[in-house]
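The values are calculated or read from the model by the stated rules, or taken from the named source; none is laboratory data. Being a predicted model, the structure only gives us computed values, none of them experimental. FYI the Cβ positions are ideal-geometry reconstructions off the backbone, even for glycines, and counts take in every protein chain you see. Heavy atoms of the whole protein, side chains included, go into the accessibility calculation; ligands, DNA and RNA do not. Shrake-Rupley method; radii C 1.70, N 1.55, O 1.52, S 1.80 Å.
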Amino acid sequence: MQVQLDRTAVYENGGFSFRDIVFSQQKPKDGVSVFSLPNCFLLPGFVDVHVHLREPGFSYKETIASGTMAAARGGYSDVCAMPNVNPAPDCPANLQPQLDAIAKGAAVRVHPYGTITMGERGEALSHMAAMADKVVAFSDDGRGVQSDSLMEQAMLEAKRLGKIIAAHCEDNTLLRGGYIHDGEYARLHGHRGICSESEWRQIKRDLALAKKTGCAYHVCHISTKESVALIRQAKAEGVDVTCETGPHYLVFNDMDLQEDGRFKMNPPIRSEDDRQALLEGVLDGTIDMIATDHAPHSAEEKSRGLEKSLMGVVGLETAFPVLYTKLVKPGILPLSKLVALLSDNPRRRFGLPQKQDYSLWDLEETYTIDPTQFASMGKATPFAGMQVWGKCKMTIVEGEIVWLEK
C-alpha cells in the first residue's frame, strides 16, 4: 500500500517546510490510500527513554500492547522500557520473557533496560556483559543504588561494555516517610515531605564517580534546582553526562497539587523555584531530553489520595500537546527545540537510529484531555481536564501506520 500525505509541513534541520510526502509500504495487493491533511505538521517519531510497560509480571496495570499503543497515539516511535518488571531483567534468562512479549505485542519499537543490580536489590551487579547486546542501557529505576562502591563497579563495567548507566537518584536515608515535595503545600496540608537533597545528593555522588570512571551517565527525571546546577557544572568539567526531566515538572509546582493520587509521582512535583530552574536548564541545554516516566497503575491503586496512592502517573498520550500548549504557544520554548528534546537528543544519546518514523500533528486542534479515551490502561494523569492544542493524527513506524485517528 502507498500512503500519500498531501501538502504537509515537514520538520527538518530545525525548521519547517511544505512539500508532498509519499510513503511506500510493501503491500502490492492493496490500492493507494490518500490522506489529505492540509497544514498538519509532520514531525519525527518521538523517543521516550523512560517508560514502564509493566509486562511481564504486572499486566493488570499495563501490557506491552496497551503501552505501546499509547506511545503510538502520542507520536512516539521508540520507547525504552524500565526494568521494574517480574522477573527483573538481571540476566539473559530473566530478560527473555520481556523480549518475547515485545516481539508479540509491541506497536512501536521497544528497547528494554537491563538492571544494574540483581533483582534491583542493590547488593550485587547484574549479569551486565551477558545482556549488553540485548538492552539499551542499565538502570535500577525506582531505586537509587545506595552503595558508592557498587555504583563505581557498575560504571566501570558499563564503560567497558560501551553502555549507559541511567540512574534513578535517591538517597534512602533522607526520605523519612515523605511522599510529596517538602514544601509549602506539604506544610499547609499536613503531609510528610520528600526533601530535595534526597535527589541531588546522590546525583552529586554519581557525577563524581562518572568523572572518575569515564562512564556514560544519564540522570533520570530530575526535579530540583540543585540537580540542574550540579549537572550544568559537571558538563562544563567535561563529564559524560546527560539528563531528562518530565512534562509535569515543567508545567506544575507543588502549589498546583490536589488531594488526588493523580498528582503523586517520584520524584514529586516541586517548588516554583525548581520549576523555573528546570525551564532554564531546558533552554540552555543542561537538560538534554524530556521523558514522561509513564507509570501506569490500576484505578484502585491510584484512588487512595496523596498519602496512600502508589507513585506514578501516565504521560505518553499527553506529553507533546501539554508541552506545546504550555511552553511553545506562549513563546517560552521554540517548537524546534521541543522536537529536539523529544526526538533528536534522546535518539542520539541512546544510539537509536532514525528510520521511516513520523508523527503527523494538527497543531490547530484544541480539546480537553480525557483519560477515559487513553489507549493506556493507566488513567491517572495530573493533566486530566486540561485544555490543550495539538492532536496526533497519524504515527508511522518504519513506513507502517501504527496509529491513525478515526
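A few notes on this one:
- Distance between the stretch 72-142 and the stretch 168-236 - C-alpha centres, whole angstrom: 24 Å
- Just checking the listed ones, TYR324, TYR179, TYR60: in the Gaussian network model of the chain with Cα springs under 10 Å, the one fluctuating most is TYR60.
- Heavy atoms of ARG347: accessible area, 1.4 Å probe, square angstrom to 10: 20 Å²
- Charge dipole magnitude, Cβ of K and R +1, D and E -1 - the stretch 299-406, Cα centre, debye nearest 20: 360 debye
- Selection among ALA101, ILE269, LEU316 by position relative to the dipole of the chain gives ALA101 as farthest towards the positive end (Cβ unit charges, Cα centre).
- Protein-only accessible surface order, largest first, of TRP389, TRP403 at 1.4 Å: TRP389, TRP403
- Within straight-line cross-link reach of LYS211, lysines at Cα separation under 29 Å, skipping those fewer than 8 residues along the same chain: LYS134, LYS159, LYS163, LYS225, LYS235, LYS337
- Förster-model FRET efficiency, 35 Å R0, SER298 and GLU365, C-beta, rounded to 0.05: 0.70
- Residue with peak Gaussian network fluctuation, the chain [Cα springs, cutoff 10 Å], from ALA210, ALA93, ALA158: ALA93
- Solvent-accessible ranking of CYS91, CYS80, largest area first, probe 1.4 Å: CYS91, CYS80
- DSSP-defined beta bridges in the chain - what % are antiparallel, rounded to 5: 50 percent
- Pairwise label distance in nanometres, ASP6 with MET255, each label 7 Å out on the Cα-Cβ vector: 5.1 nm
- Rounded to the nearest 20 debye, the dipole size of the chain about its Cα centre is 400 debye, using +1 on the Cβ of Lys and Arg and -1 on the Cβ of Asp and Glu.
- Mean-square fluctuations from a GNM of the chain, with a 10 angstrom spring cutoff on Cα atoms, peak among ASP273, ASP344, ASP260 at ASP273.
- Only Lys, Arg, Asp and Glu carry charge here, each on its Cβ (+1 for the first two, -1 for the last two); on that basis the stretch 357-406 has a dipole of about 240 debye about its Cα centre.
- The listed residues PHE138, PHE374, once ranked by accessible area (1.4 Å probe) with the largest placed first, stand as PHE374, PHE138.
- Degrees between helix 92-105 axis and first principal axis of the chain (Cα, 0 to 90, nearest 10): 30 degrees
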